[in-house]
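**Student:** I'd like to ask you about the structure that follows.
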Amino acid sequence: MSHIPDEDWSDVAEAARAMVREADEAGVWVFSAGLAHHDVVSVVAPDGTVTDGPYPESKEHLGGFVVVDVPSHDAALEWAAKIAAACRCAQQVFEVVPDPNAG
């Protein structure tokens, strides 16, 4: 979202809040959060080594995420389109795969 001019941030924030209200009213809203800037990310390797900053090959980083509970991939794509329009940036869509052994 770094491509958004400073003067447009309040419009983007209001559009995002409106999308959250819509998703909540539709009963699909679960959770969302912004993420700290990638300069303050730590990467922990399997051996416990900690590296500051994102993976060196990363050219982009996630600025936040939204979790919705929808019945299909197509429904997820529809909500992603609404989020993309509100936030003025492309959205990746992932399915959360539950642990079948969890309570």
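The values are calculated or read from the model by the stated rules, or taken from the named source; none is laboratory data. Because the structure is predicted, anything quoted here is derived from the model rather than measured. Backbone-built Cβ (ideal geometry, glycine too); neighbour counts: all protein chains shown. The area values use the complete protein model at the heavy-atom level, side chains included, leaving out ligands, DNA and RNA. Shrake-Rupley method; radii C 1.70, N 1.55, O 1.52, S 1.80 Å.
**Student:** So which residues in region 10-40 are closer than 18 Å to Ala85 by Cβ, over 17 Å from the mean Cα position of the chain (by Cα) and not small (Gly, Ala, Ser), if there are any at all?
**Tutor:** Asp11, Glu25
**Student:** With the requirement that a residue be open to solvent by 80 Å² or more (accessible area, probe 1.4 Å) and outside any helix (DSSP H, G or I), what does region 78-103 give you?
**Tutor:** The answer is Arg88, Ala90, Gln92, Phe94, Glu95, Val96, Val97, Pro98, Asp99, Pro100, Asn101, Gly103.
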